[in-house]
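Report on the following structure.
Readers should treat all values here as calculations from the given coordinates under stated rules, not as data from a laboratory. Small disclaimer: the values here were computed from a predicted structure and weren't measured. Cβ sites come from the backbone with ideal geometry, for glycine too, and all protein chains shown count toward neighbours.
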Amino acid sequence: MEKTLERLDSRLPTWARGWPRRRVLAVAAVVVLVVVLAVSCGGAAGRVDVPVLEEGADAGVDGVRAPSDKTGGTLRVVAPDIDSLDPQRSYLPGVWNLMRLYTRTLVTYSTEPGHTGELVADLATDLGKRSEDGRSWTFTLREGLRFENGRPITSRDVKYGIERTFASDVIVGGPTYVVDLLDDPKNPYAGPYQDEAKDKLGLGAIETPDDRTIVFRLRAAQPDFQFVLALPSSGPVPAEADTGAAYGRDPVSSGPYAVVSADRETGVVLERNPEWDAATDRVRSALPDRVVVRTGLSGVERDQEILAGSADVDLSGTGVQPVTTARLAAEDADGLRDRVDEITSGAVRLLALPSDVAPMDNADCRAAVTAAVDRRALQEVLGGSGDAVRTSELWPRALRGGPEDSDPPADPAAARASLEKCGRADGFRTVLAVVDTQTSLSLAQGIADQLAEVGIIAEVRPLDAKTFYATDVGDPDNVAKNGYGLVLVPWTADFPTASSFLAPLVDGRSTRSVGNTNYARLNDPDINALVDQARAATDPAKATTAWRAVATAARATNAYLPLAETRLQLVAGQRLRNGVVMQPYGGYDLANAGVR
């Protein structure tokens, strides 16, 4: 989780100015709304006099919190800074949740409780047709799709939206998976703004033979390609309305709501898109008449707004703050605990043992480290079971089909035996590289103290968060030069799939000189072959089995030591209806949330 937050904190928000008259009126409406909320919060103990939903804890994890099909009202959302409202420029999962309201994609995440990490058709009629070699995908758009301006949505609009990502000099900040998957290294595509071809056919890897058909030609088979298409960055954009870097000021809606104003003081306002046809959308219920997002709030401020009843949903995707967790654990917090939905985040803290740095180039030395570490004690360092879940497997808990977690205790005797086998009976010295944040440093020191008990002396070396992932531990040469035999990192997959979690960590062919994520420098031919087999599996059950074999083989090398996965506590607002936890975004699904 820290990796994601630190990377995204560096992105500055882009905000709109010069709105047309209807947007100015919408801003004024929000000002009034904010003032009313502020006044209403000044009463008894800062609480708004609204009914508290008595659904019980975890009601929204595998079920629906306060089901309702009533329309109307204003959904009040609180958020930190928003990086951009441009679908191709945002890299914040919470903002991607917001974009479900005004950006539809060929496929998207399911709203079925307990299955929100799975994909369903959205603009497309189905999940796409994959060629036998996995390098070609064909989709057919539904009939009756329209932008907010009334123009029909065509396959060319989807292609154009994706093409914008290639314009790295203009469209900055969003995900670039499509570039890696679709671009031709020998003849790179520079994006639509530099397309000087007379026929303006654009990116050759995407074909649009007619208005409803779109075909993707991948450079290589990628099992997660459908998940790439579920990102807002793969959403349609009408070329005639594209204003380049300024598009986020007035993004054209393809969903049930349209952005009518955005301001740093009053936030973002979305109102119903009259051109949206519910008959074409099996994903979004679009219950509220209006959605108001107050931005720029700190974590504590967001928690206070939710608890007081002046907000319904927190958009951040990071769960409540530690001070709020303590309040939820208090003896008199029964009513509050009933509003909590608890999930794991998918962010797993790993201790990587670079296999090309002595003495970690010896498997027995790695085994000594693995045996000496006590996960139970480290869990307490991370805040206890309320904030972290122990794990001994390279597999997030929310992802089905993983290896059974044996949760082994520390075994100092086994650690000393492994030290003898690796020719270091008296132990050895190494450096433990860690990002310079309080939680990571506390965890690193806990690990160092445990290793010292068996004679392994680990110097904890804090490194600047700004360079840690890119060049400190992301540069293999730098790791070797500095003798980083241990690297403590939080790892979060980009998509809720085994391939997205495992391949960047264990595929030896994925190692890069900058921003490397194969922290253990694994390059085992047998594991690489298992990765290829898993990627080639087309049957979901067989693919899961194949990726489980990859995880098991990687763990057997002792090059990675999984420690714990971050736990998130989400608190539902007092008025929230249809509260379904959207696992990929770490929050409640805005596309189906209501307030009546």
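Within region 532-547, find all residues whose amide N lies under 16 Å from a label point positioned 7 Å from the Cα of Arg400 along Cα-to-beta-carbon. What the label zone holds, given the 16 Å backbone N cut-off, is 539-547.
A Förster radius of 35 Å combined with the Cβ-Cβ distance from Arg512 to Glu380 puts the calculated FRET efficiency at roughly 0.50. Remark: Glu163, Glu301, Glu404 ranked as Glu404, Glu301, Glu163, counting other beta-carbon atoms within 10 Å and listing the fewest first. Note on region 485-596: with charges restricted to the Cβ of Lys and Arg (+1) and Asp and Glu (-1), its dipole about the Cα centre is near 400 debye. Of all aspartates and glutamates in the structure, the ones whose alpha carbon falls short of 16 Å from that of Lys129, not counting any fewer than 8 places away in one chain, are Glu207, Asp224, Asp539. Among Leu522, Gln438, Leu399, whose Cα projects farthest towards the positive end of the dipole of region 344-568, with charges put on the beta-carbon of Lys, Arg (+1) and Asp, Glu (-1)? Of Leu522, Gln438, Leu399, it is Leu399. Computed on the chain, with alpha-carbon pairs under 8 angstrom and 6+ residues apart, the relative contact order is 22 percent. Think of region 229-342 as a dipole: +1 on every Lys or Arg Cβ, -1 on every Asp or Glu Cβ, centred on the Cα centre; then among Gly244, Ala329, Thr266, Gly244 lies furthest on the positive end.
With 0.36 nm allotted per residue and the present C-alpha distance subtracted, the Glu240-Thr467 stretch has 77.7 nm of extension available. By the helix-only formula, in which each DSSP H run with n ≥ 4 contributes -39500 (n - 2.57) and the sum is divided by residues, the chain has a 222 nm mean residue ellipticity of -8000 deg cm²/dmol. Protection proxy ranking for 521-534, 75-88, using the average of other Cβ atoms within 10 Å per residue and placing the highest first: 75-88, 521-534. Short-range pairs are left out: with C-alpha atoms under 8 Å and at least six residues apart, the relative contact order of region 261-382 is 14 percent. The charge dipole of the chain, taken about the Cα centre with unit charges on the Cβ atoms of Lys, Arg (+1) and Asp, Glu (-1), comes to about 960 debye, rounded to the nearest 20.
Each Lys and Arg adds +1 at its Cβ and each Asp and Glu adds -1 at its Cβ; summed about the Cα centre, region 344-568 shows a dipole of about 280 debye. Rounded to the nearest whole Hz, the Karplus-based 3J(HN,Hα) values (6.51 cos²θ - 1.76 cosθ + 1.60, θ = phi - 60°) of region 585-596 follow the sequence 9, x, x, 7, 5, 5, 5, 10, 6, x, 9, 10, with x at glycine and proline. Annotation for region 219-278: GluC sites (Glu not before Pro) lying in DSSP loop with at most 13 further Cβ atoms inside 10 Å of their Cβ are Glu265.
In terms of its alpha-carbon gyration tensor, region 344-429 comes out prolate; a/c meets the 1.5 threshold, and the first ratio a/b outweighs b/c.
Would you please classify the overall shape of region 344-568 from the alpha carbon gyration tensor, given that a ≥ b ≥ c denote the square roots of the eigenvalues, rounded means a/c under 1.5, and beyond that prolate means a/b larger than b/c while oblate covers the rest?
Because its axes are fairly even, with a/c under 1.5, region 344-568 counts as rounded.
Think of region 344-568 as having a plus end and a minus end, set by charges on the Cβ of Lys, Arg, Asp and Glu; of Ala503, Thr566, Ala541, Ala541 sits farthest toward the positive end of this dipole. Arranged from fewest to most other beta-carbon atoms within 10 Å of their beta carbon, Thr74, Thr538, Thr105 become Thr538, Thr74, Thr105.
Starting from the Cα gyration tensor of the chain, take the square roots of the eigenvalues, sort them a ≥ b ≥ c, and report rounded, prolate or oblate (rounded when a/c is under 1.5, otherwise prolate if a/b is larger than b/c, else oblate). Since a/c reaches 1.5 but b/c is at least a/b, the shape of the chain is classed as oblate.
Could you tell me the relative contact order of region 344-568? Use alpha-carbon pairs under 8 Å, at least six residues apart, and round to a whole percent.
About 35 percent, as a whole number.
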